[in-house]
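Working notes, structure below.
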Amino acid sequence: MAKKTLDKLPMKGKRVLVRVDFNVPLDENANVTDDRRIRMALPTIKCAMAAGARVILMSHLGRPDGQVKAKYSMKPTATALAKLLGSEVKFAPDCIGPEVEKMVAAMKDGDVLVLENLRFHAGEEKNDETFAKALRGLADLYVNDAFGTAHRKHASTYGVPALMPQGTRAIGFLIEKELKFLGEALEKPQRPFVAVLGGAKVSDKIAVIENLLTKVDRLLIGGAMAYVFMVARGENVGKSKVEREVVKKDGSKKDIIALAKKLLEKIKTSKAEVLFPVDHLVAKAFAADAETDVQGPAMEDDWMGLDIGPETIDLYCEKLADAKTVLWNGPMGVFEMAPFAEGSKKICDTMADVAKRGGVVVVGGGDTAAAVEKFGLAEKMTHISTGGGASLEFLEGKPFETIEIIDEA
Ligand code: AMP
């Protein structure tokens, strides 16, 4: 069922508490160095302002872990937002308490107020009821537009809407867009549906692979995560980066190679065509000026894989060429260094062609979005997700409780 969007709420004259994702990078002078996340929230903020709402924005920034730390203040985001809106944005020195309540009471229709970092209070990440109640007291209506934290059940994403009555809770336009593109890709993709997974870590993508195996026609695997499967098959990967184990919070270890072996068994019986690199661009060292070679499918001792090789690039581009739906999460190599960006770049070029032909290309957040930006192809993609962890959890097929609690359309 579709969720209610904020434009369906009676916002005129109401205090609308909006959870945004203003978790942006700052430089040492507290200037916002990448305002993409703030820009992505503008349609929601402008809609609420135009409707005559009193717009109260709340977010976290960084990991202050329940303590007030000046370097994680939301203030620079209020300044950046004011610039983008071309109108005044007020800033509250806390997110709850009498002073904030006074500022909210003084707001006029169409005003915008940014609250101080939610994570200055330990109650935010603990979804503490007292903290949630204090936030809830600021609002008549609630909007969640923070896709980047939608997989986290915190006070601002779950506790507050849980305390509010039916008819007062909506999602913003950014979350609507994320659910549309990620959801449609998974649930009713135009075929062929091709997923491309890469990056360095396999551990956070195992459940994604399992879920995608039941959905996609083809799955192309690259990046250092491919080497984990090579090790699982007993192939030499030289001195390549391999995520062999993960230390869990309780100190116990998760054997990633063993998990990869199990996954290889599942792949054998899956209907999806799963491809691994047939060759690699290898180097003598992790450096842009290192000596390189093309080897494969196995590597030689003393060499490390840093990108997919030319034959793999051709093969993967061929497997992408006729796609109607593409999901991409994780670079094919160390794209941050020019000599090892070729695999990701060529794949991205092919995806741009797919989108140009009317196909849907959805790029998962984090490093992959950075790679696409770097290649100057961001505008050519159908959708670039703002959520790194959130988009991965969504691709695992997990329902988000923070979205489920929002009213139906
Ligand atoms: P992830 O967070 O798992 O998506 O990993 C992204 C990172 O993987 C990027 O910073 C890439 O530089 C890195 N990466 C991709 N391929 C390789 C490789 N062959 N060796 C080392 N790092 C890689």
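Laboratory data are not the source of any read-out in this text; all were calculated from the coordinates shown. None of these values were measured; they are calculated from a predicted model. In this analysis, Cβ positions are derived from the backbone assuming ideal geometry, glycine residues included, and neighbour counts consider all displayed protein chains.
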In whole angstrom, the spacing between the Cα centers of the stretch 359-380 and the stretch 83-145 equals 32 Å
Could you give the distance between the Cα centres of the stretch 5-60 and the stretch 259-284, to the whole Å?
42 Å
Non-local amide H neighbours of Val196 (under 5 Å, H modeled in plane, Pro and chain starts lacking H): which ones?
Leu220, Leu327, Trp328, Asn329
What is the order of Arg233, Arg218, fewest Cβ neighbours within 10 Å to most?
Arg233, Arg218
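Using a Förster distance of 41 Å, how high is the FRET efficiency between Glu88 and Lys153, based on the Cβ-Cβ distance and rounded to 0.05?
Details: r = 34 Å, r/R0 = 0.82.
My answer for the efficiency is 0.75.
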Check: in the stretch 296-388 the Lys pairs 8 or more apart or on separate chains whose Cα atoms fall under 18 Å apart number 13
Full-extension gain between Leu42 and Asp353, please, as 0.36 nm times their residue separation minus the C-alpha to C-alpha distance.
109.1 nm
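What do you get for trypsin sites (Lys or Arg not before Pro) in the stretch 99-145 restricted to DSSP loop and a cutoff of at most 15 other Cβ within 10 Å of the site's Cβ? Don't skip to the answer; put the middle values down first.
Working: sites: Lys102, Lys108, Arg119, Lys126, Lys133, Arg136; in loops: Lys108.
Answer by residue number: Lys108.
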On a 0 to 90 degree scale, rounded to 10, what angle separates helix 75-85 from the longest Cα axis of the chain?
90 degrees
Calc'd 3J(HN,Hα), the stretch 312-321, phi into Karplus 6.51 cos²θ - 1.76 cosθ + 1.60 (θ = phi - 60°), Hz, glycine/Pro = x, comes to 5, 4, 4, 4, 5, 5, 5, 6, 8, 4
So the FRET efficiency between Glu311 and Glu273, C-beta based with R0 = 22 Å and rounded to 0.05, is 0.80
Residue with peak Gaussian network fluctuation, the chain [Cα springs, cutoff 10 Å], from Val112, Val360, Val246
Val246
Please list, or write none, the lysines whose alpha carbon is within less than 25 Å of the alpha carbon of Lys3, excluding same-chain residues fewer than 8 places away.
Lys12, Lys14, Lys46, Lys133, Lys153, Lys177, Lys180, Lys188, Lys215, Lys398
Order of Thr382, Thr312 - criterion: other Cβ atoms within 10 Å of each residue's Cβ, fewest first:
Thr382, Thr312
Which whole-Hz couplings ³J(HN,Hα) result when phi for each residue of the stretch 231-244 is put into the Karplus expression 6.51 cos²θ - 1.76 cosθ + 1.60, θ = phi - 60°, listed in order with x for Gly and Pro?
4, 4, 8, x, 8, 6, 10, x, 9, 4, 5, 9, 7, 8
Sorted by chain and number, the residues with a modelled amide H under 5 Å from that of Gly366, at a separation of 5 or more or across chains, are Gly388
Which residues' amide hydrogens lie under 5 Å from the amide hydrogen of Val361, considering only partners 5 or more residues apart or on another chain, with H built in the peptide plane?
Val326, Thr382, His383
Here the relative contact order (percent) of the chain, from C-alpha pairs under 8 Å and at least 6 apart, is 16 percent
Unit charges at the beta carbon, dipole of the stretch 6-176: most positive-side option, Gln67, Leu17, Ile96
Leu17
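So for Ser59, Ser73, fewest C-beta neighbours within 10 Å to most, what's the order? Present the calculation step by step, with values, prior to reporting the outcome.
Details: Ser59 28, Ser73 20.
In increasing order of surrounding Cβ atoms, one gets Ser73, Ser59.
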Relative to a virtual label point 7 Å from the Cα of Glu235 in the Cα→beta-carbon direction, which members of the stretch 249-273 show backbone nitrogen distances below 17 Å?
257-258, 260-268, 273
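Just subtract the alpha-carbon distance of Lys248 and Glu379 from 0.36 nm times their residue separation and send over the number in nm, one decimal.
Numbers: separation 131, 0.36 × 131 = 47.16 nm, distance 3.81 nm.
That works out to 43.4 nm of additional length.
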Return the sequence-ordered ³J(HN,Hα) values of the stretch 392-409 in whole Hz as given by the Karplus equation 6.51 cos²θ - 1.76 cosθ + 1.60 applied to θ = phi - 60°, using x for Gly and Pro.
5, 5, 5, 5, 6, x, 6, x, 8, 5, 5, 8, 4, 6, 6, 4, 6, 5
Residue with peak Gaussian network fluctuation, the chain [Cα springs, cutoff 10 Å], from Ala106, Ala200, Ala134
Ala106
Folded to 0 to 90 degrees: helix 342-356 orientation relative to the chain principal axis, Cα
60 degrees
Given the -39500 (n - 2.57) contribution per DSSP H run of 4+ residues, what per-residue ellipticity at 222 nm results for the chain, rounded to the nearest 500 deg cm²/dmol?
-10000 deg cm²/dmol
